[in-house]
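Structure, as structure tokens:
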Amino acid sequence: MTVLWKDVHMTEIDWANTKVYVAGHRGLVGSALVRALEAAGAGEIIGWSSGELDLRDRDATLDAINEAQPDVVIDAAARVGGIMANSTYPVDFLKDNLLIQTNVMDAAHAANVERFLFLGSSCIYPRHATQPIRESSLMTGPLEPTNQAYAMAKIAGIYYIEAFRTQYGRRWISAMPTNLYGPRDNFNLETSHVLPAFIHRFHDAKQSGAEKVTVWGTGAPRREFLHVDDLAQACLLLLQKYDSSETINIGWGDDLPIKDLAETVANVIGFEGEIEWDTSKPDGMPRKLLDTSRINALGWYPSIKLRDGVASTYDWYLENA
Ligand code: GDP
């Protein structure tokens, strides 16, 4: 039986007495989760770097999680990448993500983990989904081809969570964040998403005194951006308050054209030259704005405005990249 999200009243997690395993704890999302869990006073937070534990290795993953015996698992481990990486390496994106999520969930099941949060992405929704995109749009139409491999894996993950609920009664959940950004993002121009790519490109141009920066596509697609620290707060709240087989969106609630994002980032960095659009590069999905009424009804709203988030992410980039 499907549990209706509105009807569920959860008991509060006592973070001080909770051991949380964050898969992918060094990444953009995982590191934000660790910050939020520390601030919430989590009793113990565990994580392994990819060098310490390769989550594609089934036996090693089962052993590590069985030994650690966490109470809560948040799966923020994934092979991620921007529009070019995703469309150039579909085998890697499909295979690695299927392996990682299946191994982590099977291991958590074997270790009898009570609460599990699986994180996906807004690219799981159909290319022509009605905007803003509601959770019920899942599997109602064809996917955007440029990120289909990643999306297919994440859709399988959502259904695997649901399967554990159905077959074993596990109180496991999945959530779908919009485009994320913040400290520890991937700033590699070949594989990154658009916002860190803009920070990298405009910073380099400012440093070298270049008059022009070339970016991809037409600039017309619209995207929504959420800072990872806002996302992390949403995740903690969902672990406390959400218990449904249906996935739940996490977004900012509004979007902007890529062209406007380019201007915002250029402005924060202080690049005053020309922005040229290479239309031989793909635009990807025309728009993917999430409907966030479900999570807003639980009391969560984001707080970090795009310009402030870009500025603090740029500060991080200057200090660390
Ligand atoms: P998407 O949201 O899955 O499409 O992934 P991206 O964040 O990689 O791309 C978002 C949009 O930004 C697409 O329309 C890209 O063509 C555009 N874009 C413009 N310049 C760049 C760039 O330098 N890197 C990336 N990754 N995207 C860019």
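The values are calculated or read from the model by the stated rules, or taken from the named source; none is laboratory data. Keep in mind it's a predicted model, so treat the numbers as computed, not measured. For neighbour counting, all protein chains shown are included, and Cβ atoms are generated from backbone atoms with ideal geometry for every residue, glycine included. These area figures cover heavy atoms from the full protein model, side chains too; ligands, DNA and RNA do not enter into them. Shrake-Rupley method; radii C 1.70, N 1.55, O 1.52, S 1.80 Å.
Once you keep just the Cα pairs under 8 angstrom separated by 6 or more residues, what percentage relative contact order results for region 45-145? Relative contact order comes out at 30 percent. Only alpha carbons enter this Debye calculation for region 61-208, each as an equal point scatterer, and the log10 of I(q)/I(0) it gives at q = 0.12, 0.15, 0.16, 0.21 Å⁻¹ is -0.57, -0.84, -0.93, -1.30.
Look at the Cα gyration tensor of region 221-288: its axes a ≥ b ≥ c give a/c of at least 1.5 with a/b at or below b/c, and that counts as oblate. Between the helical axis of 28-39 and the dominant principal axis of the chain, each derived from Cα atoms, what acute angle in degrees is found, rounded to the nearest 10? Roughly 60 degrees, rounded to the nearest 10. The calculated 222 nm mean residue ellipticity attributable to helices in the chain amounts to -13000 deg cm²/dmol, summing -39500 (n - 2.57) over DSSP H runs of n ≥ 4 and dividing by all residues. For the chain, the solvent-accessible area with a 1.4 angstrom probe is 44 square angstrom per residue. Report note on the peptides 155-163, 256-264: ranked by the mean count of other C-beta atoms within 10 Å, highest first, their order is 155-163, 256-264.
Between the amide H of Arg127 and those of Leu143, Glu144, distances stay under 5 Å, these residues lying 5 or more places away or on another chain, with hydrogens modeled in the peptide plane. Shape class of region 158-242 from the alpha-carbon gyration tensor: prolate, with a/c at 1.5 or above and a/b greater than b/c.
When the Cα centres of region 249-321 and region 138-179 are compared, how far apart do they sit, in Å? Measuring centre to centre over Cα atoms gives 24 Å. Per atom type, region 1-140 shows carbon and sulfur on 49% of its accessible surface, probed at 1.4 Å.
Helix 90-110 and the longest principal axis of the Cα set of the chain meet at an angle near 30°.
Annotation: the antiparallel percentage among DSSP beta bridges lying fully within the chain is about 5. Can you give the angle from 0 to 90° between the axis of helix 194-208 and the longest principal axis of the chain, with both taken from C-alpha atoms, to the nearest 10? Rounded to the nearest ten degrees, it is 40.
The share of Cα pairs per 10 Å bin across the chain, counted from zero up to the longest distance, runs 6, 27, 36, 23, 8, 1, 0 percent.
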